[in-house]
Amino acid sequence: MSYTTVYDVIVCGGGTSGVAAAISAARTGSKTLLVERTGVLGGQMSLSGPPGFAYARLFNPQGKRDIGGIVEETYQRLYRSGHALPHLRYPIREKAGYGFSYVDPDWWVDLIFTMMEEEGVQLLLDSLVVGVTKEENKVTGIVVENANGRNEIAGRVVIDCTGEGYVAIQAGCEITVCQGTKCSPILWHLPWTGWTGNGFYSTSAPIRSSFPLSS
């Protein structure tokens, strides 16, 4: 990793969405940098939990596959190496409308670091994104702080995978701030909401997630 390199893609946040974005970008041939504020990748799979929800809803209640891609790819690699259980439909989960495909989260983290190396993704860990650089209305890079101090890193595309939209806020994107239970944080099941509008951020972080998102 170099602070003077101009990256094709910079992904901010090394959680489940961030690692998938970085792998996908690198597979297009893009020079990709993944920035994570902690020393480990994975987010809910390694630090915040519960890890199971990353592998929920791979199948719908009729047993048909809904999700594939990197989720299924990592599941299959873990399954072949003995670190995941077979896809099972537990009767106790039928009323919930979805099930879980169980993987070992520790081995998942090990696999993700392996995939970063396989795909040539460059990592910048223990680094906090504290701002962005812009030319007029275009984001041209990020500002990070770590043991090396404060540095700017240039990137043609910057992807916000922080979970709370921190980089989008720093870039001046339009957001809606909610209070209490008026809206749900965007990090809950976002891939299944069809959400394409502005971000939603709750200052009180409600624990209930049954409220629909508006766009």
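Go through the range 10-30 and give me each residue that's assigned to a helix (DSSP H, G or I) and without any contact (Cβ under 8 Å) to a residue 12 or more places away in the chain.
Residues satisfying the conditions do not exist here.
Here is a list of conditions, (1) surrounded by fewer than 23 Cβ atoms within 10 Å (Cβ to Cβ); (2) over 19 Å from Val132 (Cβ atoms); (3) modelled with pLDDT of 95 or more, and Ser48 meets all of them except one; can you say which number that is?
Of the numbered conditions (1) surrounded by fewer than 23 Cβ atoms within 10 Å (Cβ to Cβ); (2) over 19 Å from Val132 (Cβ atoms); (3) modelled with pLDDT of 95 or more, the odd one out for Ser48 is (3).
How about the range 83-101: which of its residues are farther than 23 Å from Gly15 by Cα, surrounded by fewer than 16 Cβ atoms within 10 Å (Cβ to Cβ) and out of contact with any Gly (no Cβ under 7 Å at 6 or more places or on another chain)?
Pro86, Leu88, Pro91, Ile92, Glu94, Lys95, Ala96, Gly97, listed by residue number.
From the list Gly131, Gly82, pick out the single residue that is more than 25 Å from Val35 (Cα to Cα) and either free of Cβ contacts under 8 Å to residues at least 40 places away in the same chain or assigned to a loop (DSSP other than H, G, I, E, B) (or both).
Only one candidate passes the filter, namely Gly82.
The values are calculated or read from the model by the stated rules, or taken from the named source; none is laboratory data. Here the structure is a predicted model, which means the values were calculated and not measured. Here the Cβ is made from the backbone with ideal geometry for all residues, glycine too, and neighbour counts use every protein chain on show.
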